[in-house]
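Q: Here it is, the structure in full.
Since every read-out is calculated from the coordinates, none of them should be taken as a lab result. Being a predicted model, the structure only gives us computed values, none of them experimental. Heads up, the Cβs are rebuilt from the backbone with ideal geometry, glycines too, and the neighbour counts pull from every protein chain shown.
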Amino acid sequence: MAQAANAANARTEFVFNRTFDASREDVWNAFTQPEHLKHWWGAPGSTVEIAHHELKPGGLFHYRMKFPDGRAMWARFIFREIVAPERLVWLNGFSDEHGGLTRNPWVPNFPLETLNTVTLAAENGKTLLTITVVPFDAGDEEAGIFAGGLAGMKMGFGASFQLLADYLARRS
Amino acid sequence: MNDQLNATFAALADPTRRAILARLALGETSVTELAKPFEMSMPAVSKHLKVLERAGLIARGREAQSRPCRLEPGPLREAASWIEEYRRFWEASLDRLEDYLRKMKPAKTKGPRANRSNRSKTKSKE
């Protein structure tokens with residue numbers, strides 16, 4: 001996560017790492033094949049139903065997340081770059097049931113789409129997965145909102161904003 | 001509520017404003033005190049305070065000339081929980097992926113033939 005913190009000032013990007021005790025091929029398959037994706041992808045607590053999944057540049061992955069309380073949300077990928085088993089790039093956004101882009105339901109001026117890149121690196125039989133998220137085709141306001149949220153994420157609960165977290169805890 | 005998150009994140013986009021909020025987390029402060037750690041003119045600091053005030057992140061006293069600033073924790077708490085959700089989305093997804101990979105049948109990576117054909121089929125670039 002140090003990498004993510006460094007990126008905070010340099011570039012507006014959200015970076016996330018995880019090492020899996022599995023081969024790159026397995027991680028790649030789990031990330032790119034619908035029969036695997038439906039078992040793990042999606043918002044916490046939701047079940048994913050896949051309406052469409054076409055793994056090719058420009059191809060659409062369109063899915064619905066169903067929550068226990070009955071709510072449902074559609075979202076989509078548009079694949080941009082597919083280099084098995086090392087690199088997957090897609091545009092990520094919320095959508096309607098027909099696959100048309102929609103605004104973020106909570107933060108309407110969040111960038112309509114983000115460009116997400118997953119890279120897989122083999123490390124002694126394990127696989128290091130890195131996800132990078134950057135705003136895509138965003139105006140100043142959208143980019144600013146992404147940057148603000150990101151800064152809150154990186155700082156807010158890390159170093160100097162710990163004070164703030166403590167303060168909020170005392171007040172609640 | 002949606003507009004509030006927009007306003008909060010827009011305000012947080014600036015490092016000086018984040019530092020001001022961190023300072024105010026220690027307690028109410030006059031503008032003069034607030035400006036000290038920043039090598040910045042008072043009008044520049046005032047500008048940032050106006051943005052923070054408009055976003056509802058701080059409140060300023062009316063009485064004293066110094067118009068002391070204090071943190072308004074409500075919107076920040078809301079933003080923090082949204083951010084936490086966003087972070088948790090990725091964390092939880094990777095947790096589930098980790099669990100799933102443990103259960104998943106490993107691909108036959110030893111078979112060079114299968115490997116090669118798999119690669120050539122899926123390798124593509126925009």
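Q: Need the list of aspartates and glutamates near A:Lys38 for cross-linking: C-alpha distance under 12 angstrom, and skip anything on the same chain fewer than eight residues off.
A: Within the straight-line cut-off, A:Lys38 pairs with A:Glu49.
Q: Taking the Cβ of each residue in A:Phe79, A:Phe31 as the centre, tally the other Cβ atoms inside 10 Å and list the residues starting with the fewest.
A: Ranking A:Phe79, A:Phe31 by Cβ neighbours within 10 Å, fewest first, gives A:Phe31, A:Phe79.
Q: Something else now. What FRET efficiency would be calculated for the residue pair A:Ala51, B:Arg54, taking the C-beta separation as r and a Förster radius of 35 Å, to the nearest 0.05?
A: 0.25
Q: Modelling each spin label as a point 7 Å along the Cα-to-Cβ direction, I'd like the B:Arg88/A:Arg103 distance in nm, to one decimal.
A: Roughly 2.5 nm, to one decimal.
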